2 protein chains.
Amino acid sequence: MADTALSTEQILEAAEDVLRRFGPAKATVVDVARALGVSHGTVYRHFPSKAALREAVTERWLNRAHAALPAVATGPQAPDVRLRLWLRTLFEAKQHKALDDPELFATYTVLVEESSALIGEHLSGLEAQLGLIIGEGQHEGVFALDADPLTLAHAVFQATAHFHDPVYAPGWSDPRAAEDLSVLTDLLLRGLRVGG
Amino acid sequence: MADTALSTEQILEAAEDVLRRFGPAKATVVDVARALGVSHGTVYRHFPSKAALREAVTERWLNRAHAALPAVATGPQAPDVRLRLWLRTLFEAKQHKALDDPELFATYTVLVEESSALIGEHLSGLEAQLGLIIGEGQHEGVFALDADPLTLAHAVFQATAHFHDPVYAPGWSDPRAAEDLSVLTDLLLRGLRVGG
DNA sequence: GTGCTGACAGATATTGAAATCTGTCAGCGC
DNA sequence: GCGCTGACAGATTTCAATATCTGTCAGCAC
């Protein structure tokens, strides 16, 4: 869709605002149009459906939420240190989002669950970052070579679900969570390293 | 409650039946009483509340569902082999329940989520079994001694959430699930073993 | 022409009245 | 006495009427 007097970006901004204020169950396209001072028909000239609009808002949010991770994945530290840092960064980002504004976090959790295609892509992206770190670790001889990096990345990502899957968000306020992640990371890193 | 003309066991049987037929949302105490040919007041002489009745049904079901595990935990195999077998047995038990009768599985998933106290106890029990295996492994010198068995058991149980937490049941029909568990188990066992 | 409007049909959500359910208990029948 | 019943109050659920929303499109305004 080409840019027009009313930009796509403006609509996304308004939609995010409406979602924040009314929640995922109550937010309507009419609300978004009202917030922009246009008729709801106009919104449909920029997005083919309500679902597409919500998905676009979700994608923007996911990208912003995990903006810091790629830099960690390609950072200067040794791969094992970097892997630990990456997992901790991911956890802390989620934890802060969940604890700072639980209602908004719940809203976005609902949105994310709506678009499973988006989830798939996003998780693949995260696993790819893990795969990058693990691949480098293998190349440098820090990690064992008994499986390919993406398979191991998938296993590590699954294993740490408790610390990034929103399903477990209620547990993230428990002070033991950070320590649990540390213990689990120790275990996984010992499993990845050559010689143990 | 002492046994009476109408036994507690009979009520549990009837309640389970009603839940199976009507689902967790529609099943009522009146339905259970009707199935037994008594008034609903009678059910309340055996259980203090609907919640207590449902919880009792759930507990019975959980115990039956995981009846095979303690035998595996105390089996004759070497601890590392046993740990792998235990995790696979747990996964396959859940997988079969979820795939054989998805509707019934959904019903019990709802019931389990209702009684968080029960979940807690049950998970502790499972982690204790894992702890037993890991503790023996440490004693036999197969597993490293850098953390106490229950802490490691907790980490292993968390790490394998994808293969026992009902939240992930939709993924259990994917043929890759079994292999994913195998890869993850390899990784965890390498992390546990001395010398790698 | 280009972008927006607003009326429309069908789908979805809200509402409030009626029905059902939960939990209690006085009293019946064995 | 002992176990069960069934009527009751308050809470919850159901259902159907009503209102709102989604998505389309012919036409207006610039």
Legend entry - Tally of residues being closer than 26 Å to B:VAL112 by Cβ and within 6 Å of DNA strand C (Cβ to nearest atom) across the range B:36-47: 2
Legend entry - Within the range B:155-178, tally of residues that are free of Cβ contacts under 8 Å to residues at least 60 places away in the same chain, part of a loop (DSSP other than H, G, I, E, B) and more than 9 Å from chain A (Cβ to nearest Cβ): 2
Inset, instruction - All but one of (1) loosely packed, with under 15 Cβ neighbours inside 10 Å; (2) within 16 Å of DNA strand D (Cβ to nearest atom) hold for A:ALA67, so report the exception by its number. - result: (2)
Inset, instruction - From B:ASP165, B:ASP148, grab the single residue that is of a type in the set (D, E, K, R) and within 18 Å of B:HIS122 (Cβ to Cβ). - result: B:ASP165
Inset, instruction - Take B:ARG88 and decide whether it is more than 16 Å from DNA strand C (Cβ to nearest atom) and at pLDDT 95 or above. - result: yes
Legend entry - Test: B:ALA161 is buried (at least 18 other Cβ atoms within 10 Å of the Cβ), under 19 Å from the mean Cα position of the chain (by Cα), at pLDDT 95 or above and under 15 Å from A:ASP180 (Cβ atoms): yes
Legend entry - Where a residue in the range B:179-192 is under 7 Å from A:GLY191 (Cα atoms) and its partner, wherever it lies, is surrounded by fewer than 20 Cβ atoms within 10 Å (Cβ to Cβ) and among the aliphatic types (A, V, I, L, M), with Cβ under 8 Å and at least six apart: B:ARG190/A:ALA144
Inset, instruction - Specify the residue that is nearest to B:THR28 (Cα to Cα); the eligible residues are those in the range B:82-105 that are surrounded by 15 or more Cβ atoms within 10 Å (Cβ to Cβ) and aliphatic (A, V, I, L, M). - result: B:LEU104
Legend entry - Criterion (farther than 26 Å from B:GLY195 by Cα and buried (at least 21 other Cβ atoms within 10 Å of the Cβ)) met by exactly one of A:TYR168, A:TYR108: A:TYR108
Legend entry - Among (1) touching an Asp or Glu at 6+ places or on another chain (Cβ under 8 Å); (2) more than 11 Å from every other protein chain (Cβ to nearest Cβ); (3) charged (D, E, K, R), the one test that B:ARG193 misses: (2)
Inset, instruction - Test A:VAL57 against the stated conditions and say whether it is within 14 Å of DNA strand C (Cβ to nearest atom) and modelled with pLDDT of 95 or more. - result: no
Inset, instruction - Hey, can you tell me all the residues within the range B:13-46 that are surrounded by 15 or more Cβ atoms within 10 Å (Cβ to Cβ), within 13 Å of DNA strand D (Cβ to nearest atom) and in contact (Cβ under 8 Å) with a residue 40 or more places away in the chain? - result: B:PRO24, B:HIS46
Legend entry - Exclusive hit being away from chain B (no Cβ under 12 Å), surrounded by 21 or more Cβ atoms within 10 Å (Cβ to Cβ) and part of a helix (DSSP H, G or I), set A:LEU181, A:LEU187, A:LEU152, A:LEU130: A:LEU130
Inset, instruction - Please state which of the following conditions A:VAL142 fails to meet, knowing it meets all the rest: (1) within 8 Å of chain B (Cβ to nearest Cβ); (2) surrounded by 15 or more Cβ atoms within 10 Å (Cβ to Cβ). - result: (1)
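The values are calculated or read from the model by the stated rules, or taken from the named source; none is laboratory data. These figures come from a predicted structure and were not determined experimentally. When we count neighbours, we look across all protein chains shown, and the Cβ atoms used for this are built from the backbone with ideal geometry, even at glycine.
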